[in-house]
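The values are calculated or read from the model by the stated rules, or taken from the named source; none is laboratory data. These numbers come from a predicted model, not from an experiment. Glycine gets a Cβ as well: all are built from the backbone with ideal geometry, and neighbour counts include every protein chain shown.
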Amino acid sequence: MYVIVGLGNPGKKYQNTRHNMGFITVDHLAAKHNIKVNKIAFKALVGDGNIANQRVLLVKPQTYMNLSGQSVREILSYYKVDIENLIVIYDDIDIETGKLRIRKKGSAGSHNGMKSVIYDIRSEDFPRVRIGIGGERKMTLRDFVTGGFSKEEKPLLEDAVERAARAVEIILAEGIDTAMNRYNG
């Protein structure tokens, strides 16, 4: 079993914001693979299904970004999932808008949601798919990440969500090295 977590903030206010790229990608995967992400469990919205002949649990923590790790910890503990079978999808301010960066493991960088996940599960050794939202901003970081998409960003980020979803499918079917070779850069 794989646990695929999209990081974001719950509620309509944050629905289509840069900080919710993880939620948006999980929703895209759910729609593409006919998985309903509508059960409330482990402080998250979850949906169980299959992608690339693998059983998956799609997860959207409802704890707000900075406490996402609580939900992830509870799920991993309950399902006894190996840390290598956790995939976290999230936005990254340090990557150019629309670019992807896939890694086998690593630090949280400046992302508070990832800091929470790493703190709560006590490991950095899990795959992640980062979606770039960086760029010129003339506002505070908080306002930028919780803000909506500009006209110029929208097609770049829609394409990035599609590629991020395909990258997750490749990780499940062929492994992370193949996904990294195909989508990084």
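Could you list, in sequence order, the residues of region 54-87 that are at pLDDT 95 or above, outside any helix (DSSP H, G or I) and polar (S, T, N, Q)?
54, 62 - these are the residues of region 54-87 that are at pLDDT 95 or above, outside any helix (DSSP H, G or I) and polar (S, T, N, Q).
Applying the selection to region 88-104, what residues are in a loop (DSSP other than H, G, I, E, B) and either among the β-branched types (Val, Ile, Thr) or under 17 Å from residue 161 (Cβ atoms) (or both)?
97, 98, 99
Which condition from (1) closer than 26 Å to residue 108 by Cα; (2) not in a loop (DSSP other than H, G, I, E, B) is the one that residue 49 breaks?
(1)
Hey, could you check region 70-109 for residues that are crowded, with 22+ Cβ neighbours inside 10 Å and touching a Ser or Thr at 6+ places or on another chain (Cβ under 6 Å) and say which is farthest from residue 4 (Cα to Cα)?
71
From 37, 26, grab the single residue that is crowded, with 24+ Cβ neighbours inside 10 Å, among the β-branched types (Val, Ile, Thr), modelled with pLDDT of 95 or more and not in a strand (DSSP E or B). Please lay out each step first, then the result.
Numbers: 37 fails: crowded, with 24+ Cβ neighbours inside 10 Å.
Just a single option satisfies the conditions, and that option is 26.
Where residues in region 40-63 are surrounded by fewer than 17 Cβ atoms within 10 Å (Cβ to Cβ) and aliphatic (A, V, I, L, M), which of them is nearest to residue 100 (Cα to Cα)?
Residue satisfying both the conditions and the ranking: 52.
Would you say residue 177 is in a helix (DSSP H, G or I) and charged (D, E, K, R)?
Criteria met by residue 177.
Out of (1) over 25 Å from residue 176 (Cβ atoms); (2) at pLDDT 95 or above, the odd one out for residue 16 is which?
Of everything listed in (1) over 25 Å from residue 176 (Cβ atoms); (2) at pLDDT 95 or above, residue 16 misses just condition (2).
Assess whether residue 98 counts as being under 26 Å from residue 173 (Cβ atoms) and at pLDDT below 95.
yes
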